[in-house]
4 protein chains.
Amino acid sequence: MIIEIAQDAPSSTMAAIMQAAEDHRLVANSLTNEHGATVVGIGGSLPSDRLDLPGIARVVAAHKPYMLASSEMRGPSIVMVGEVAVGDGTPVTMAGPCVIEGRDSLIENALLVREAGARILRGGAYKPRTSPYSFQGLGEEGLRYLAEARELTGMPVVTEVMEPDQVELVAEYADMLQIGSRNMANFPLLKKAGKSTRPVLLKRGFSATLEEFLMSAEYILSHGNPNVILCERGIRGFDSAFRFNLDLNAVPALKELTHLPVIVDPSHGTGRRSLVPRMAMAGMAAGADGLILEVHPDPDSAMCDAAQTITPATLAQIQRGVEALHGALTPVFEPMRAPEPMVAAAD
Amino acid sequence: MIIEIAQDAPSSTMAAIMQAAEDHRLVANSLTNEHGATVVGIGGSLPSDRLDLPGIARVVAAHKPYMLASSEMRGPSIVMVGEVAVGDGTPVTMAGPCVIEGRDSLIENALLVREAGARILRGGAYKPRTSPYSFQGLGEEGLRYLAEARELTGMPVVTEVMEPDQVELVAEYADMLQIGSRNMANFPLLKKAGKSTRPVLLKRGFSATLEEFLMSAEYILSHGNPNVILCERGIRGFDSAFRFNLDLNAVPALKELTHLPVIVDPSHGTGRRSLVPRMAMAGMAAGADGLILEVHPDPDSAMCDAAQTITPATLAQIQRGVEALHGALTPVFEPMRAPEPMVAAAD
Amino acid sequence: MIIEIAQDAPSSTMAAIMQAAEDHRLVANSLTNEHGATVVGIGGSLPSDRLDLPGIARVVAAHKPYMLASSEMRGPSIVMVGEVAVGDGTPVTMAGPCVIEGRDSLIENALLVREAGARILRGGAYKPRTSPYSFQGLGEEGLRYLAEARELTGMPVVTEVMEPDQVELVAEYADMLQIGSRNMANFPLLKKAGKSTRPVLLKRGFSATLEEFLMSAEYILSHGNPNVILCERGIRGFDSAFRFNLDLNAVPALKELTHLPVIVDPSHGTGRRSLVPRMAMAGMAAGADGLILEVHPDPDSAMCDAAQTITPATLAQIQRGVEALHGALTPVFEPMRAPEPMVAAAD
Amino acid sequence: MIIEIAQDAPSSTMAAIMQAAEDHRLVANSLTNEHGATVVGIGGSLPSDRLDLPGIARVVAAHKPYMLASSEMRGPSIVMVGEVAVGDGTPVTMAGPCVIEGRDSLIENALLVREAGARILRGGAYKPRTSPYSFQGLGEEGLRYLAEARELTGMPVVTEVMEPDQVELVAEYADMLQIGSRNMANFPLLKKAGKSTRPVLLKRGFSATLEEFLMSAEYILSHGNPNVILCERGIRGFDSAFRFNLDLNAVPALKELTHLPVIVDPSHGTGRRSLVPRMAMAGMAAGADGLILEVHPDPDSAMCDAAQTITPATLAQIQRGVEALHGALTPVFEPMRAPEPMVAAAD
């Protein structure tokens, strides 16, 4: 059950709702919506006599297992990553190396992707590698380089966190925490990220249904962190010609189901460098709020994911395409965004 | 092995190659390429001394199991459907009802989709239905209505053929034969379509790899019909939220592998009406040569595939989007088409 | 709606039911059940006043899209292949080469598999090959060798039919028609096989749901042929270590849904020779009525499917395992078969 | 590269190998094999002149990314869970509730499953639930009940661990740590479990290839813990009739690839109670070393996974089937186990 409280409601209304939920042993969480009003999501139904309260603006009886993340909860969310807004109607490109290889190479990479149009820098310090014998990342050393690259370029940075104990450390250095595909159902990690004040980039598990994906987002939201960006990054398929199959159906479908921003990762979603530019276009045309891309000045020498890593020049071409496409399609499709959405704030 | 013969080569060269292939018991087929030259595909390797002939312009030693369909064979093909060129750089939209329900409704539908920007009319007379108790189509009566709709609208028509014995009959009425997803590996049907002079719209099996898809096209080409359009229409996935998962990775990947035009079917590829417009855009942005869409003036009353059928008004919106997107992306991406490709001709 | 008519009912009852179905424009088909009674499957609901008839033994209101094939229709069916009963509680092994390579080799193969315990001979005369350049089978010549092998060994034979026009020819030579995985949804072929008097071995499409599989069986049953054996032969999966993933869940699930016998093909279901014996055991333990296996005296030299073809010695080991397993499990599990099932007869 | 050292080799040989690996910056780990010899797995190739050492019994040049887990490393491993041997040729059944619901119900359940033939008790104290609003388990309280049930029944216990920080706590109470399907690629958790002295039950990710599965086992082995049992528990498929598709091909395939014991979970692998007994038989017939099953005295009232939970009476039937099947198949198939395998010990 979802209950929206008018902005001029007495504070006793909110208190009475929370008390009613507690009396019925129902979980209750709240978000601020795009108009600044408080919306409460309750994990079940309160009797109508407990809702005879002043200032209740709207009640939605239906209960989805991802109520806080659902479109019924509020209009489109904007998530701020540092000073970059994701979800406000302007496409955002995140780019950088798969893994941070060293200080100088990261800074070079950062300058190149900024020049090519990226607005957020990505790079892995802790890497989930399928083989225990593969390079596992530079760890905190990598985080320091990332922070240095931010200072030098002004770009906010996103990097992966792999276990609950890393959340605080990574949050010290990064502007956004990334939770990878293999950890989408790592519930202790989601809970810990839910207690962070950093926004979270949540990648879809490569065999997760959209409902499972949204329930993982719900873990973060229900632990107090409303700033979640969803990322479609390819699903596992039967054709070994591709590493993964970018599932773009997910983009317009998620836009119907949730208020959270959605970005697309065509690097992992194809696994093949030559397919990335066109699939980046396709992701944006499907309605995504942005892209995340693996870029390296010399892709063949990248320490991981070389086959799917593009050059800065290709990134620049993609960026020109993103802007042209955005300009062309905006007049044709009804805006998917409310006219003046407010920034979602941590409650 | 692929051998290109110069246009000024003596005719003895072609004869010698065919003889050499016969001597080595290798299959040999030829196509005309985009420059008007003859290219021979041979199912194996000829010894070099048999190739010491005047007028051999190019030899490719590698042998793919879909040699005639491969990019090594020739530059991009254009397939003429009636007077409409598919693959010449201008996007082509095919639209109409899932199944032909009657004469008047088909003609109404045809006029509406033409008005909305479609250039080829689709409609099923013979329908492969999963249940034996579902409506199986009007058969030849439907074909007659289709021909009548063509007369009235000037649009060429495409309709499905389900078995070898129907090929000649359907070819009498239709401008293009459609082979559906469930028949992609119906080899007797492919062989028969390969002997037709009509172009063939070949839909990808919903669990077929790209290599299998191209080998099915090869069945048609190797039986004499070079005019094949490939259609990505969604693959079977694990999330029951979608009927199928439109696999757009296939579009740029096919563009690398084959010279045949590629179109996208976002109706079957999503199974959900609300997702069709955005996925149509995504398909075009991925590099497709056109779209095929199920349209009905009153989708909810459509006799089949109602859930994925759009209105003519939505088709018009999609068409505006296709044109805007095409204009925006063409300057950004290198043309995937040769500047003045020649029309592929039946040999 | 399913209506069972008592054996002592007046013939007017059957006539009245068929008339009622016609009046309501509902399809109606009948089967004989395991007690010799007639059971009518109707594609919808008749009003109760039309069923106020003498000798109606049972009415099932629910309507499944595969009503004739459903367990509601009758108890377990036994299908006779020549004089071999499939589905009577005794496991049946079908074995032989993937493709018929010649007269002598087929006869040698037949003698070897009979010696190893097989009771039905398999072998392809018409082969669906993914590549147009692969050997496509000996055609009618192969059928003649098959008939000769039957004469010499006494074993009934099963062979594939690929298109409607082949059904009559193949039925002249073979005791059972096989419809392959790629043709499971070839509806014209299913209809034609439904008009044959030969039993049909219907293989599951490698990406077909069980409901789709049963609706394909329903095509055959509803066109008059009650003698269908279902075959699980592996589904397409994401791990390229296997050709297909044998989906044994399908076996007990089909046993709940349908009265038709179910066999398992561990050759295609694994694609790897070394896995066949254990997966044959697993298939029988899952409750299958039999197996179909690709066997060759010299598997490495087999003209198709060499990697999954076993030797006659391995077949003999499997056969010993099948018998030991059958003896061991029969006392533990309630018989899945009625004590004295009657042979299903064409109506 | 794998190097086996003879038991009578001087200790300097082992030291020299480790030094050579260090000099070449290659990772090196060792296991004891079934004959008591030390086998070293090295993540690359040492030059032959560094291997000119006394007492080298065997060198395998090939390098798999799961070298310690590979069949090249040693013969079949036996893993001791408390005093129960898994992998010694006698099938082992693990059973109990999905989630520990309370002290008394757990003890009742434990007594019932022991009576029905189970030898190891399962039960979840920490539960990974897709929804944040589902019951998440009793936590440490549940672990205490589990320990109490062990005292009362004598059965060793296995329970899930969800994050690195829980490993030590769970290891205090449990005889075996379970790592669930969703955590198969939770590498920090695998590393931590690799440092535990408890054996680990590693469930296959529901979309993991066998190679990925074995690399996850390798994480545990390469961190020092050789006692890993693999569990096939179903993969995600396209037919919503099943929760998962039990992938029994994996069982004989894993037996070829690895020395680790393999068990099967037909509860999750089907998601449907009625399919569990037959699929349990199929799993054993495929060559598994044991089963893990969800059992509840009143399945419909189970707090989680009710649809796939069986009664103790069904468990007893399964156990009778397991024993009958084991007795029947053992004489038919060559023993997959060495005659007198030694217990694998932590080195």
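Only the coordinates and a few stated rules stand behind these numbers; no lab work does. Keep in mind that what you see is a predicted model, and the values were worked out from it rather than measured. Positions of Cβ are backbone-derived with ideal geometry, glycine not excepted, and every protein chain shown enters the neighbour counts.
Approximating the spin labels as points 7 Å out from Cα along Cα→Cβ, the D:HIS35-to-C:SER240 distance works out to 3.7 nm.
Taking the charge dipole of region D:200-292 about its Cα centre, with +1 at Lys and Arg Cβ atoms and -1 at Asp and Glu Cβ atoms, the residue from D:ILE263, D:PHE244, D:PHE213 reaching farthest to the positive side is D:PHE244. Can you list, shortest first in nanometers, how far B:SER11 lies from the same residue in the other copies, with each label 7 Å from Cα toward Cβ? Listed shortest first, these distances are 7.3, 9.0, 9.9 nm. For region C:75-148, applying the loop criterion from DSSP together with a ceiling of 14 other beta carbons within 10 Å to the trypsin sites (Lys or Arg not before Pro) yields no site. Using DSSP to call loops (not H, G, I, E or B), can you name the GluC sites (Glu not before Pro) in region B:55-107 whose Cβ has at most 15 other Cβ atoms within 10 angstrom? Of the GluC sites (Glu not before Pro), the ones in loops of region B:55-107 whose Cβ has at most 15 other Cβ atoms within 10 Å are B:GLU83.
Using only Cα atoms and rounding to the nearest 10 degrees, what angle (0 to 90) does helix B:11-23 make with the longest principal axis of chain B? With rounding to tens, the tilt is 90 degrees. What sits nearest the axis between copies C and A, counting only chain C Cβ atoms, is the residue and whole-Å distance C:SER240, 2.
Arranged from fewest to most other beta-carbon atoms within 10 Å of their beta carbon, A:ILE229, C:ILE3, A:ILE56, A:ILE2 become A:ILE56, A:ILE2, C:ILE3, A:ILE229. Under a model in which nothing but the beta-carbon of Lys, Arg (+1) and Asp, Glu (-1) is charged, the protein assembly as shown shows a dipole of about 0 debye around its Cα centre. Applying the Kirkwood pairwise sum to the alpha-carbon positions of the protein assembly as shown produces a hydrodynamic radius of 33.8 angstrom.
Taking θ as phi - 60° and the Karplus parameters 6.51, -1.76 and 1.60, the scalar couplings of region B:216-221 work out to 5, 4, 4, 4, 5, 4 Hz in sequence order, x denoting glycine and proline. Dimensions of region A:2-60 along the principal axes, based on C-alpha atoms and rounded to the nearest Å, stand at 29, 19, 17, largest first.
Restricting the GluC sites (Glu not before Pro) of region B:251-340 to loop positions (DSSP other than H, G, I, E, B) with no more than 14 neighbouring Cβ atoms within 10 Å leaves nothing. Using Cβ point charges alone (K and R +1, D and E -1), the dipole size of region A:79-329 about the Cα centre works out to roughly 420 debye. The value of relative contact order for chain D, using C-alpha pairs under 8 Å at least six residues apart, is 19 percent.
Taking one quarter of the surface of the convex hull spanned by the alpha-carbon atoms of region A:88-174 gives a direction-averaged projected area of 6.4 nm².
Could you tell me what percent of the DSSP beta bridges with both partners in the protein assembly as shown are antiparallel, to the nearest 5?
Of all bridge pairs located within the protein assembly as shown, approximately 40 percent are antiparallel.
Number of Lys pairs in chain D with C-alpha atoms less than 18 angstrom apart, excluding same-chain neighbours closer than eight positions? Total qualifying Lys-Lys pairs in chain D comes to 5.
For D:GLY89, the distances from its label point to the matching points in the remaining copies are 3.5, 7.5, 7.5 nm, ordered from shortest, with each point set 7 Å beyond Cα toward Cβ. The spacing between region C:258-303 and region A:35-53, judged by their C-alpha centroids, is 59 Å. The value for chain D of Rg(Cα) / (2.2 N^0.38 Å) is 1.01. Each copy carries a label point for B:PRO47 at 7 Å from Cα along the beta-carbon vector; from one copy to the others these points are 4.6, 8.5, 9.7 nm apart, nearest first.
For the pair D:GLU168 and D:ALA316, the difference between a 0.36 nm per residue extended length and the Cα-Cα distance amounts to 49.9 nm. Calculated FRET efficiency, A:SER11 to A:ARG50, Cβ-Cβ distance, R0 = 25 Å: about 0.90 to the nearest 0.05. Note on B:HIS223 and C:HIS24: with the Förster distance fixed at 56 Å, the Cβ-Cβ geometry gives a FRET efficiency of about 0.75. Here the dipole of region D:150-237 is about 180 debye; that uses its Cα centre as origin and unit charges on the Cβ of Lys and Arg (positive) and Asp and Glu (negative). Each of D:MET18, A:MET184, C:MET281 was scored by other Cβ atoms within 10 Å of its Cβ. Arranged with the fewest first, they read D:MET18, A:MET184, C:MET281. Of interest is the spacing of the C-alpha centroids, which for region C:59-121 and region C:177-233 amounts to 13 Å.
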